[in-house]
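Report on the following structure.
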Amino acid sequence: MKNFQEDGNVINWTNGTGAAVTAGTMVKVGSRVGVCAVDIANGATGAVALSGVFNSIPKLSTDVVAVGAVLYWDDTNKRLTLTATSNTLAGFAYAAAGNGVTTVTVCINK
């Protein structure tokens, strides 16, 4: 294809959070979310996945998440939640996660 550049599943992201982030950490990328593919020091640039299914992503422990539930990224508290207000659409739950569970498996940006 003449204008094809790449599949767009990974982007180079510059970490401006004020702290290093480790591989597997969800981060806000503009109005989307991604998961760091590598450790990224503050001020450095690294690969962030913009699509796929990721497990062990922090969630609000009191949320009862059903398979297929829409999830939002709470960038202030660095966790997924069922609450849309003031949060960024992240994707949907790929597996259930009940009350008291602190992580969830999520399919992002779908």
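The values are calculated or read from the model by the stated rules, or taken from the named source; none is laboratory data. Since the structure is predicted, the reported quantities are computational estimates derived from the model, not experimental observations. FYI the Cβ positions are ideal-geometry reconstructions off the backbone, even for glycines, and counts take in every protein chain you see. Ligands, DNA and RNA are excluded from the accessible area calculation, which covers all protein heavy atoms including side chains. Shrake-Rupley method; radii C 1.70, N 1.55, O 1.52, S 1.80 Å.
What to note about this one:
- Leu60 vs. criteria in contact with a Phe, Trp or Tyr (Cβ under 9 Å, 6 or more places away or on another chain), without any contact (Cβ under 8 Å) to a residue 24 or more places away in the chain and either under 14 Å from Val106 (Cα atoms) or open to solvent by 60 Å² or more (accessible area, probe 1.4 Å) (or both): no
- Evaluated against (1) more than 25 Å from Glu6 (Cα to Cα); (2) part of a strand (DSSP E or B), Gly34 falls short on exactly one condition, (1).
- The set of residues from the range 63-106 being part of a strand (DSSP E or B) and closer than 14 Å to Thr25 by Cα comprises Trp73, Asp74, Arg79, Leu80, Ala90, Thr103, Val104, Thr105, Val106.
- The listed residue being part of a strand (DSSP E or B) and polar (S, T, N, Q), out of Asn3, Asn12, Asn42: Asn12
One line per residue, one yes/no per condition, for (1) within 23 Å of Gly98 (Cβ to Cβ); (2) surrounded by fewer than 20 Cβ atoms within 10 Å (Cβ to Cβ):
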| residue | (1), (2) |
| --- | --- |
| Met26 | yes, no |
| Thr45 | no, yes |
| Gly52 | no, yes |
| Asn55 | yes, yes |
| Trp73 | yes, no |
| Asn77 | yes, yes |
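- Residue pairs meeting the criteria (Cβ under 7 Å; at least 6 apart or on separate chains; first open to solvent by 40 Å² or more (accessible area, probe 1.4 Å), in the range 95-110; second at pLDDT 95 or above and among the basic types (Lys, Arg)): Thr102/Lys59; Thr103/Lys59
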